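Reviewing the structure listed below.
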Amino acid sequence: MSNPKTKFTMNKPGFNENEDQDLFPFIGTDDGDEQLDAGELPDVLPYLALRNSVFFPTIVAPINIGREQSTKAIQKAHASAKYVAIFSQREVATEDPSEEDLFEIGTLAKIMKLVKMQDGSLTAVLRGRQRIRRKTMAETDGYLSGEVELLDYELPEDQLTFKATMDSVRDHARRAIELSPNIPSEAQMMLDNIDSSSHLLNFIASNMGITLVQKQSLLEEHSLARKASMVLEALSKELQVLEIREQIDTKARGDIEEQQRQYFLNQQMKAIQEELGDNPNKEEIERLDKAAADKDFPEEVRKTFTREIARLRRMNPQAAEFSVQLSYLEMLVELPWNEYSADNFDLKTVTKQLDDDHYGLEKVKERILSHLAVLKLKGDMKAPILLLLGPPGVGKTSLGKSVAEALGRKYVRMSLGGLHDESEIRGHRKTYIGAMPGRIVQSLKKVGTNNPVFILDEIDKVGQSHRGDPSSALLEVLDPEQNSTFHDNYLDVDVDLSKVMFIATANNLSAIQPALRDRMEIIQLSGYSEEEKLEIAKRHLLPRQRTEHGLKTKQIKISPATVKAVISGYTRESGVRNLNRRIAGLMRYAAKEIAMEGATAVSVKPAMLEDILGPAPVEREPYRAGKLAGVAVGLAWTQVGGEILYVEASLSPGKGGLQQTGNLGNVMKESAITARSWIKSNAEKLGIEQETIKAQDLHVHVPEGATPKDGPSAGVTMLSAMVSAYTGRPVKAYLAMSGEITLRGRVLPVGGIKEKLLAARRAGMKHILLSKLNEKNVREIEERYLKGLAITYVDNMDEVLTFALG
């Protein structure tokens, strides 16, 4: 440049060696001679550690001095030869850099001016002279100093290639200046006035938006040709980013202009059409009007529709609200207001269809028939809210479809498992983007009638989150006194749900909100006996699986004995879901034999099951009856049905302590403590010495420790096992028991009797001990469930021990 002292900066004052900030976007250059005679320099130079950027030769820029170490170094340099060695730090956060914290290659700079600022800090205007390598380093009088070596560039051998590269660098730099909004137009003039290749490369490298490590690599490069290639590559990447940004900005400006143009044109067209009496949405609005005229709207809905369609006529079709309003009116028209399907009042036909579709479930069928009988006589009745409660696989969900077919109603199912958003029930307000009605209203639109059979599946698995409580939203849906005016947020009008027959299903009653549970009529579905499973397999599972596997009736034969073997050896469940999977395995075996081996028919015998399904996982006799003292069998209720529960008790020398294992809950632990206390107070009557109790530690264990267990039902079982361990008398073979105990020795009733009795039958038990107060529960169970079980009712623990250890 003509003026060797010209410098140019924008936006920021310069380098800041004390604060974490980016290099300002434009730095000036000095086009003077970069070469320097080593004889002009002192032997030892003060070192200035630059924290946040790299200082290049030929660059003229101010540096704000903040650290005490740097202040002393710059003052020492200014007081002597005015030369300072600048090295960049490897890590910005380092406060007191040592030798390993600084890069080895740096820049020798001369102090052009030193200014003291109002806050006491110093600003030094520095001119980069030449690249240097650090030879030594030490700390003297509170600042860093050392000897340096001047470095020259390695000149390019291929001058033609180097010139082409430099021309490309200059062209790329010009284009970058044009596209960058932060670089002033004067930079173009400076770029054209720099003749020296090394000066130009340093000027561009100092102003590029690259990382500190990349800039340091450019500073350290000895070969001028390689340095030019590196700068060109970095410039190309930066230029690509700038060009893409320019394209985005241009497109955004064009889109905005196009939107404004379309808006004005639409406004003009609307005005012309209004003058001509022509509405572009006339056909759409006429279609809605015609559809609404054929609908039997309630009075409130009719008023709302008339008001909202008038708003639609006045709206601009290009307005965002137009499509929202149109969708809302279409939803009003498509909903089945006062549209009902005719119920089937032929109760004998309904009974036959329910019996054909589902074996057993007598209580459920009786409840549905009683509802139909009242509906037939009265002509109108609020629909019942039924809750089918039972373990998985007993047919709760599929029963709803059978009910719909029997009544001649439409069927719709809504799964509530994992539902967390209250808006899924009540809908979103139509002012929100993407608003839609709740799933209740959407389901009514889907089936097209206002009295379907509506299955609310897995109602015990409804969740709760910051989006609201769906269980509380269901209160209005499932309350017969309220659901005639169910309010959906999207529709903003009342919907009559009183004619809908809601049937909810659940596995666990305690997981349902009490207020919600109070609004439903609970019908308990128990598990199936082995005889019922056999009948279900014959009537439903075998024909269905045969059809699904592409087999004909003559191609496969599965005898009742084989099905019995599958039920007893491969399933131990309340429902038939696992049995269905096992039968599917038999069908796959038959299909393979026919397709691959050329068999014309396959007959599956019980002896073949182990080869087809593998070893039987269910053991029929899991204990050696009557041989081991301290083991008793209890009955437990779980969410998937009844189970038998083994309680083991053993004695060991000790101090009369009680240890309990098996992942027991607090209630079961308290039952064990109660049983031990009763034994101590009745030891003489039981024939147990007090010294034996004091000198022996009692260990009570319930196997399958990975499964949590709790409840009062194991009280009699624990006491029987303990007395058996103390007396050495084994518990009677094939005996299972269930009941809560008290310190007085009374046996209290427990719940889940039917599930427990079915579990006892599946396990091969023959004798059952229950509280006398549970006798009424047993009388409600059909005789077929009790086949093979001898039930003894007891009132106190004396009767239990007399029977169990007699």
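The simple spin-label model puts a point 7 Å past each Cα toward its Cβ; for Y793 and R302 those points are separated by 6.3 nm. When only Cα pairs below 8 angstrom with a gap of at least 6 residues are kept, the chain shows a relative contact order of 7 percent. The shape of region 466-520 comes out oblate: with a ≥ b ≥ c from the C-alpha gyration tensor, a/c is at least 1.5 while a/b does not beat b/c. On full extension, the segment bounded by E405 and A599 gains 65.9 nm, given 0.36 nm per residue less the C-alpha separation. Projecting label points 7 angstrom from Cα along Cα→Cβ for E330 and I244 puts them 3.8 nm apart.
Taking amide H positions as modeled 1.01 Å from N, with prolines and chain starts lacking one, the residues under 5 Å from Y646 and 5 or more places away or on another chain are G634.
Determine, for R779, R409, R261, the number of other Cβ atoms within 10 Å of each Cβ, and report the residues in order from fewest to most. Kindly include the intermediate steps, with their values, before the conclusion.
Numbers: R779 7, R409 23, R261 10.
Listed from fewest to most nearby Cβ atoms, that is R779, R261, R409.
The Cα atoms of region 441-539 define a convex hull whose projected area, averaged across directions, is 8.7 nm². Looking at the square roots a ≥ b ≥ c of the eigenvalues of the Cα gyration tensor of region 55-123, which shape do they give, rounded for a/c under 1.5, prolate if a/b is larger than b/c, or oblate? The shape class here is oblate.
When S196, S671 are ordered from fewest to most other Cβ atoms inside 10 Å of their Cβ, what list results? Could the numbers behind the result be given before it?
Details: S196 15, S671 26.
With the fewest neighbours first, S196, S671 line up as S196, S671.
Take the Cα of L743, step 7 Å toward its Cβ, do the same at K445, and the gap between the two points is 6.5 nm. Listed by chain and number, the lysines whose alpha-carbon sits under 17 Å from that of K72, ignoring those within fewer than 8 places in the same chain, are K82, K110, K113, K116. Listed by chain and number, the aspartates and glutamates placed with their C-alpha closer than 12 angstrom to that of K446 are E334; residues fewer than eight positions away on the same chain are left out. When shorter helices are ignored and each DSSP H run of at least 4 residues is given -39500 (n - 2.57), the per-residue value for the chain at 222 nm works out to -13000 deg cm²/dmol.
Would you mind ranking S217, S559 by Cβ crowding within 10 Å, fewest neighbours first? Could the numbers behind the result be given before it?
Numbers: S217 18, S559 12.
By the 10 Å Cβ count, ascending, the order reads S559, S217.
Per-residue 3J(HN,Hα) values for region 43-57, derived from phi via the Karplus relation 6.51 cos²θ - 1.76 cosθ + 1.60 with θ = phi - 60°, read 5, 10, 10, x, 9, 10, 8, 9, 7, 10, 6, 10, 9, 9, x Hz in sequence order (x marks Gly and Pro). Along the axis of the charge dipole computed for the chain (Cβ charges of +1 for Lys and Arg, -1 for Asp and Glu, origin at the Cα centre), the listed residues A234, V374, A561 are led at the positive end by A561. From the square roots a ≥ b ≥ c of the eigenvalues of the alpha-carbon gyration tensor of region 282-334, which class results: rounded (a/c under 1.5), prolate (a/b over b/c), or oblate? Prolate shape, in that a/c is at least 1.5 and a/b is the bigger ratio.
Every number here is computed from the coordinates shown, using simple stated rules; none is lab data. Keep in mind that what you see is a predicted model, and the values were worked out from it rather than measured. So basically every Cβ, Gly included, is an ideal-geometry build from the backbone, and we count neighbours across all protein chains shown.
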